[in-house]
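The values are calculated or read from the model by the stated rules, or taken from the named source; none is laboratory data. Treat the numbers as computed from the prediction; the structure is a model and nothing was measured. Here Cβ is always computed from backbone atoms with ideal geometry, including for glycine, and neighbour counts include all displayed protein chains. Protein only, heavy atoms only, side chains kept; ligands, DNA and RNA dropped before computing areas. Shrake-Rupley method; radii C 1.70, N 1.55, O 1.52, S 1.80 Å.
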Amino acid sequence: MKEQKTYILAIESSCDDTSAAVLLNGKVLSNVVATQKIHEEYGGVVPELASRAHQQNIVPVVHMALDKANIGKKELSAIAFTSGPGLLGSLLVGTSFAKSLALGLNIPLIEVNHMQAHILAHFIEEENFDKPTFPFLAMTISGGHTQIIRVDNYFDMTVIGETIDDAVGEAFDKSAKILGLPYPGGPLIDKYAGEGDPKAFRFPKPKVDGLNFSFSGLKTSILYFTQKHTAENSAFIEENLRDICASIQYTIVNILMDKLKKASKETGIRQIAIGGGVSANSGIRNALKEAEKKYGWKTFIPKFEYTTDNAAMIGITGYLKYREKDFSEQTVTAKARFKV
Ligand code: KG4
Ligand code: ZN
């Protein structure tokens, strides 16, 4: 029997990346991401500017995704889009666009939860990448989220731990800002950390119950630490940048790994999948590789382009829902809060 061809056009606009992708039966044909540079000078995402930039980007980004996939609108089987969680003004741009295009083409519309999509990115058909089997633990770590989720099936997920304040990416970015590094500072901390001594300075680890995380105390202790030393030596940061970055990264990676180990112990699950921009971090990647040897874990890290915000992960989630005929009505709305 000939396999049916399902083409999904996916749209992501929950934060500061406008992205569109086309997937054929779960395989990515194109994945276009327009990252908004406008926020850099503000040291963080400005919601109003983000939604305006989405409005400018969305049409060209969708066109580019269709062109790269080499297919026409008429061949599409369905349109998947992020309905939440995220910045409401940004979500509204993708939501309105997806709704009107689906209506115009008279094809199914599929709403996607962005957090589920970060996890389901592991099911994109990709050579040389194994897929996790159920149940597994997923840790989503980015500028907007920090969660540990028990995944029993594609759409059977339970959050078993999450941050009670800042996200881990924010901890990286805010620490970098204190050190005078540009936004987003996470990749720079990672870079300098590779050339420094992770045990040069000690920062306290927060005491949070269960599997939850907290990162706001770390930011404060880094601020006090730098203020104290800079008062004695104004060149302190400059002279010790590599060691400070290595010590910050070491502390953050330990916080994440402690909770992952606890989660694995409590659930008896040793398949661990990570996602979100912070999974690019070399410290966390090395720690996971070590845990494979030490604790017999099998770890899964998707291709980098599928870990940061992107429409391909919305597309695979849309495809899995399409197979179940889990479609949305035209009355579907964008939602800033949307539980997994
Ligand atoms: O998933 P993402 O692109 O966007 C969302 O926040 O949803 O994640 C961006 C975050 C930023 O906080 C950035 O600093 C962090 O991921 N990041 C890193 C690294 N690469 C990106 N943090 C630490 N080390 C990295 N190599
Ligand atoms: Zn995200």
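Mind checking which residues of the stretch 291-335 are touching a helix residue (DSSP H, G or I) at 6+ places or on another chain (Cβ under 9 Å), open to solvent by 50 Å² or more (accessible area, probe 1.4 Å) and more than 25 Å from Y7 (Cα to Cα)?
Y295, K298, K335
Please list, ordered by first then second residue, the pairs with beta carbon atoms under 9 Å, 6 or more apart or interchain, first in the stretch 130-145 and without any contact (Cβ under 8 Å) to a residue 40 or more places away in the chain, second open to solvent by 60 Å² or more (accessible area, probe 1.4 Å) and more than 8 Å from ligand 1 (Cβ to nearest atom).
Partner pairs satisfying both residue conditions: F134/N153; F134/Y154; F134/D156.
In the stretch 123-147, how many residues are within 16 Å of ligand 2 (Cβ to nearest atom) and open to solvent by 50 Å² or more (accessible area, probe 1.4 Å)?
Residues that pass the stated criteria total 1.
Tell me, yes or no, whether the stretch 232-242 has at least one residue that is modelled with pLDDT of 95 or more and in contact with a Pro (Cβ under 9 Å, 6 or more places away or on another chain).
no
For K205, only one of the following conditions fails: (1) in contact with a His (Cβ under 6 Å, 6 or more places away or on another chain); (2) at pLDDT below 95. What is its number?
Exception for K205: condition (1).
Quickly run through the stretch 148-186 and pick out the residues that are among the hydroxyl-bearing types (S, T, Y) and more than 15 Å from ligand 2 (Cβ to nearest atom).
Passing the criteria: Y154, T158, S175, Y183.
In contact with a Phe, Trp or Tyr (Cβ under 9 Å, 6 or more places away or on another chain), of a type outside the set (D, E, K, R) and under 22 Å from H145 (Cβ atoms): is that true of L24 in this structure?
Judged against the criteria, L24 is not a match.
Taking I71, is it in contact (Cβ under 8 Å) with a residue 12 or more places away in the chain and either within 19 Å of the chain's Cα centre (by Cα) or within 13 Å of ligand 1 (Cβ to nearest atom) (or both)?
Criteria not met by I71.
Could you count how many residues in the stretch 1-41 are in a helix (DSSP H, G or I), more than 16 Å from ligand 2 (Cβ to nearest atom) and touching a helix residue (DSSP H, G or I) at 6+ places or on another chain (Cβ under 8 Å)?
1
If you scan the stretch 148-167, which residues turn out to be aliphatic (A, V, I, L, M) and either open to solvent by 50 Å² or more (accessible area, probe 1.4 Å) or more than 18 Å from L87 (Cα to Cα) (or both)? So that I can check it myself, show each step before the final result.
Applying the first criterion (aliphatic (A, V, I, L, M)) to the stretch 148-167 yields 148-149, 151, 157, 159-160, 164, 167.
Once the filter is applied, which keeps residues that are aliphatic (A, V, I, L, M) and either open to solvent by 50 Å² or more (accessible area, probe 1.4 Å) or more than 18 Å from L87 (Cα to Cα) (or both), the stretch 148-167 yields I148, I149, V151, M157, V159, I160, I164.
Name every residue in the stretch 298-335 that is part of a helix (DSSP H, G or I), among the charged types (D, E, K, R) and within 16 Å of ligand 1 (Cβ to nearest atom), in order of residue number.
Scanning the stretch 298-335 gives a single hit, E305.
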